[in-house]
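Q: Sending over a structure as structure tokens; questions will come in a sec.
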Amino acid sequence: MLLSAGDGTRLGQPKATVELGGITLAERGVRLLVGGGAGPVLLVTGAVPVEIPGTVAVYNPDWASGMGSSLAAGLRALAVPGASAAAEVTAVVIALADQPLIGAEAVRRLIAAHADGAAVAVAAYGGKPRNPVLIAREHWAAVLDLAVGDTGARPFLRAHPDLVTLVECGDVGRPDDIDTPADLARVRSELPPSRESAS
């Protein structure tokens, strides 16, 4: 699931449509998930329409209230019986459109951790939990109960530290956020040329 519904108030434009290395942040996020072995990919939109071939678009009418409502919209779409192979989904990997330096290997590691028995797997960088996050289906209802405002899955993760498996990913990427024009300029200058067009 790629959360890409915000209007990018501090950045000055919706983050999903920002171009970086010839593709949008939303496209880059989808490539991250697909490259890491996640699918089907749900693209949660809001402030602007975003269509990417091969994804299932989920519109969040409450996008302005924050990331929590986008996470909730995506989880509800997955929980609908018969919806876009939703019954086949045993866990969801949640990624953010504004973190383009995260590598697909992080997604692969989270999925591997789940295969090894982790119900909740969180990518860590230098031991600090960030994104993406994998949450097994049996915990979606609890995440929904706490997904409000701009915090996403954080309240659930803090309430259930015993469930969390940290998966170190600092050697394969960085969780830098693009929130401001200065952030975007820095990421553009630091993104290795080889990854400009890579998935």
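Q: Below 8 Å between Cα atoms, with a sequence gap of 6+, how large is the relative contact order for the chain in percent?
A: Values: 398 pairs, mean separation 49.3, N = 199.
RCO, the chain: 25 percent.
Q: Report the local net charge at Gly39: Lys and Arg +1, Asp and Glu -1, summed over other residues whose C-beta lies under 14 Å from its C-beta. List each step's numbers first, then the result.
A: On the way: positive: Arg31, Arg108; negative: Glu88.
That works out to +1.
Q: Only helical DSSP H runs with n ≥ 4 go in: add -39500 (n - 2.57) per run for the chain, normalise by residue count and round the 222 nm mean residue ellipticity to 500 deg cm²/dmol.
A: Numbers: 7 runs with 63 residues, N = 199.
Value at 222 nm, helices only: -9000 deg cm²/dmol.
Q: Next question, about the same structure. Summing +1 for each Lys or Arg and -1 for each Asp or Glu, what net charge is found among the other residues whose Cβ lies under 14 Å from the Cβ of Arg109? Can you show the working numbers first?
A: Working: positive: Arg108, Arg130; negative: Glu105, Asp116, Glu168, Asp171.
Here the count lands on -2.
Q: Over all directions, what mean area does the Cα convex hull of region 2-189 project, stated in square nanometres? Can you show the working numbers first?
A: Details: hull surface 39.5 nm².
Projected area, direction-averaged: 9.9 nm².
Q: Most exposed first by the Cβ proxy, i.e. fewest other Cβ within 10 Å, how do Met67, Met1 rank? Mind dumping the intermediate values first?
A: On the way: Met67 23, Met1 30.
Going from least to most buried by this count: Met67, Met1.
Q: Mind listing the phi-derived Karplus ³J(HN,Hα) values for region 108-125, rounded to whole Hz, using 6.51, -1.76 and 1.60 with θ = phi - 60°, and x for any glycine or proline?
A: 4, 5, 5, 5, 5, 4, 5, 4, 8, x, 6, 7, 9, 10, 10, 5, 10, 10
A short reminder: the numbers here are calculations on the coordinates, not readings from a lab. All values derive from a computational prediction rather than experimental measurement. Using ideal geometry, Cβ is built from the backbone for each residue, glycine included, and neighbour counts are taken over all protein chains shown.
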